[in-house]
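S.K.: Sharing a structure here in structure tokens format.
The values are calculated or read from the model by the stated rules, or taken from the named source; none is laboratory data. This structure is a prediction, so every number in the text was calculated from the model and none was measured. No Cβ is skipped: glycine too gets one built from the backbone with ideal geometry, and neighbour counts run over all protein chains shown. The accessibility values were calculated without ligands, DNA or RNA, using every heavy atom of the protein model including side chains. Shrake-Rupley method; radii C 1.70, N 1.55, O 1.52, S 1.80 Å.
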Amino acid sequence: MDIDLATLAYLAGSSANDAILRQLHEIGHEGVRVSHGYVIQHLIEGAPTVSELGELLGVTQQAASKQLLELERLGYVARVPDRVDSRIRRAQLTGRGRRLVDDSRRFRRQLDARVGGDEAKRALIRLLDATGGSGNVLRRRVAPSD
């Protein structure tokens, strides 16, 4: 294939995400989209408010609220009262949401193993470093794309 690196990286990443989504859908995680992963990453170790989540994602409070509503309807997220101020609602993963994270991580590890993940990861990390994207990834400041 005679495709430039940036396009190839994008196409490969999109194809990998599509394959993982198909696997997730096959085992009962219907309705999950790639953009949900950007939200879920901020719920793994925390329970932000809608406005905090919007800030973390770099989107409006309305956009963050829409994503949370979708994830609530799918059973992956619940909004619960803050422990200190019950007027404040925080988003947290449900048991189903934690299973989604575990299943997704398992499928990603399997894909890594199938394609020689270490070598491929080193090349993509070099690409991120060369284009200034590493810092955003490390700070989980990568914006949803769909």
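S.K.: Mind checking whether some residue in segment 42-50 is part of a helix (DSSP H, G or I), of a type outside the set (Val, Ile, Thr) and either surrounded by fewer than 16 Cβ atoms within 10 Å (Cβ to Cβ) or touching a His at 6+ places or on another chain (Cβ under 6 Å) (or both)?
M.R.: Looking for residues that are part of a helix (DSSP H, G or I), of a type outside the set (Val, Ile, Thr) and either surrounded by fewer than 16 Cβ atoms within 10 Å (Cβ to Cβ) or touching a His at 6+ places or on another chain (Cβ under 6 Å) (or both), one finds none in segment 42-50, hence no.
S.K.: Then there's this: For residues in segment 76-99 being small (Gly, Ala, Ser) and surrounded by 15 or more Cβ atoms within 10 Å (Cβ to Cβ), which is nearest to residue 54 (Cα to Cα)?
M.R.: It comes out as 91.
S.K.: Being surrounded by fewer than 16 Cβ atoms within 10 Å (Cβ to Cβ) and either under 15 Å from the mean Cα position of the chain (by Cα) or under 20 Å from residue 82 (Cβ atoms) (or both) is the filter here; which residues of segment 20-32 pass it?
M.R.: Listed by number, the list holds a single entry, 31.
S.K.: Return the pairs, sorted by first residue and then second, in which the second residue is among the basic types (Lys, Arg) and surrounded by fewer than 18 Cβ atoms within 10 Å (Cβ to Cβ), the first residue lies in segment 31-51 and is free of Cβ contacts under 8 Å to residues at least 40 places away in the same chain, the beta carbons are less than 9 Å apart, and the residues are 6+ apart or on different chains.
M.R.: Nothing qualifies.
S.K.: Which residue, of 118, 103, is open to solvent by 90 Å² or more (accessible area, probe 1.4 Å) and in a helix (DSSP H, G or I)?
M.R.: Unique residue meeting the criteria: 118.
S.K.: Taking residue 111, is it open to solvent by 40 Å² or more (accessible area, probe 1.4 Å), assigned to a helix (DSSP H, G or I) and either more than 20 Å from residue 13 (Cβ to Cβ) or not hydroxyl-bearing (Ser, Thr, Tyr) (or both)?
M.R.: no
S.K.: Next question, about the same structure. Going by the conditions given, is residue 71 at negative phi, aliphatic (A, V, I, L, M), surrounded by 13 or more Cβ atoms within 10 Å (Cβ to Cβ) and out of contact with any strand residue (DSSP E or B) (no Cβ under 8 Å at 6 or more places or on another chain)?
M.R.: The answer is no for residue 71.
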